[in-house]
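The values are calculated or read from the model by the stated rules, or taken from the named source; none is laboratory data. Since the structure is predicted, the reported quantities are computational estimates derived from the model, not experimental observations. Glycine gets a Cβ as well: all are built from the backbone with ideal geometry, and neighbour counts include every protein chain shown. Please note that ligands, DNA and RNA were not included when accessible areas were found on the heavy atoms of the full protein model with its side chains. Shrake-Rupley method; radii C 1.70, N 1.55, O 1.52, S 1.80 Å.
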Amino acid sequence: MKSGMKWLQTSWPPLLVVFLFILGWQISVSLFGIEKWLLPSPADILREALSELPRLGMHTWATSQIALAGFLLSGTAGLVIACILHLIPGFKRGFYPLLILTQNIPIIALAPLLMIWFGYGLLPKMIVILLACFFPVVIATLDGFAQTDPSMYNYMKMIGANRRQLFFKLELPNALPYFFAGLKITAAYSVMGAVIAEWLGTDKGIGYYMLFAKSSFRTDRIFVALMVIFALSLVMFAAVLLLEKWLIKGRGARVRNQA
């Protein structure tokens, strides 16, 4: 009961803002007589979403699979890269500027090269999502490693802890909250990356659905696709939030109970 009240207290302000925005949108479209092809009303978008529901479900499922696979790949790669850069300082000095450089290259500009090199299969799509999503995990995790308590680090060294024990018992647990902070960003980016990846060439997915809607000037369907992207991003974000709560906060509670 208390958790429900707490959720209501924290959720009603953004829900109210969204409701007022949609209401103002609906009134403005009706009041100014804006053409449907230019800016459909929320009611038009809802009607189109309901009429397209079976086909939309198929495209959503396809994008969800690619987004989830890319998210898992990006999260794993980001964590591994951060650990390597932390444990081998020479690597960090050499590769850190290159990591930043990867974020200054528009992903969509790489699409022609990826299609030439790897074709139209799954591999180029995973590369697109990886390039779009791994960076927040790397940066956040490295920040977590840097925030390790120096006094605790020196104490563990004084009592004889080796490098492996320092890493797994102190540095990595300390970096986990930062890792999840980056993972939340990656969760949202992975859906966007999946849609961009589908623009490389596919016959299903929300990205394909958007391209088809654009070519036929179906603005209402483009808005439907955007709503699906928003929903998938929120689901991915919420899943990471629950995992973080279970793994970190739950672990802390279990440790306190054992103490």
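Working note: Cα gyration tensor of the chain, eigenvalues times five, square-rooted, sorted largest first, giving semi-axes of 41, 26, 15 Å. Using a simple spin-label model with pseudo-atoms 7 Å out from Cα toward Cβ, LEU39 and GLN103 lie 3.3 nm apart. Atom-type composition of the exposed protein surface of the chain places 73 percent of the accessible area on carbon and sulfur (1.4 angstrom probe).
Scanning the chain for DSSP H helices at least 30 Å long along the axis (C-alpha atoms) with a Kyte-Doolittle mean no lower than 0.0 picks out 2-32, 53-87, 122-146, 172-198, 219-244. Ranking CYS133, PHE145, LEU170 by Cα position along the charge dipole of the stretch 115-179, where only Lys, Arg, Asp and Glu carry charges on their C-beta atoms, puts LEU170 farthest toward the positive end.
Within the listed set MET58, MET156, MET126, the Gaussian network model of the chain (springs between alpha-carbon atoms below 10 Å) gives the highest mean-square fluctuation for MET156.
Calculated mean residue ellipticity, 222 nm, the chain: -27000 deg cm²/dmol, from DSSP H runs (n ≥ 4) at -39500 (n - 2.57) each, averaged per residue and rounded to 500. From the alpha carbon centroid of the stretch 44-99 to that of the stretch 198-214 is 18 Å.
Taking the average, over residues, of other Cβ atoms within 10 Å as the packing measure, peptides 231-238, 59-66 rank 59-66, 231-238 from highest down.
Accessible area per residue for the chain, computed on protein heavy atoms with a 1.4 Å probe, is 61 Å².
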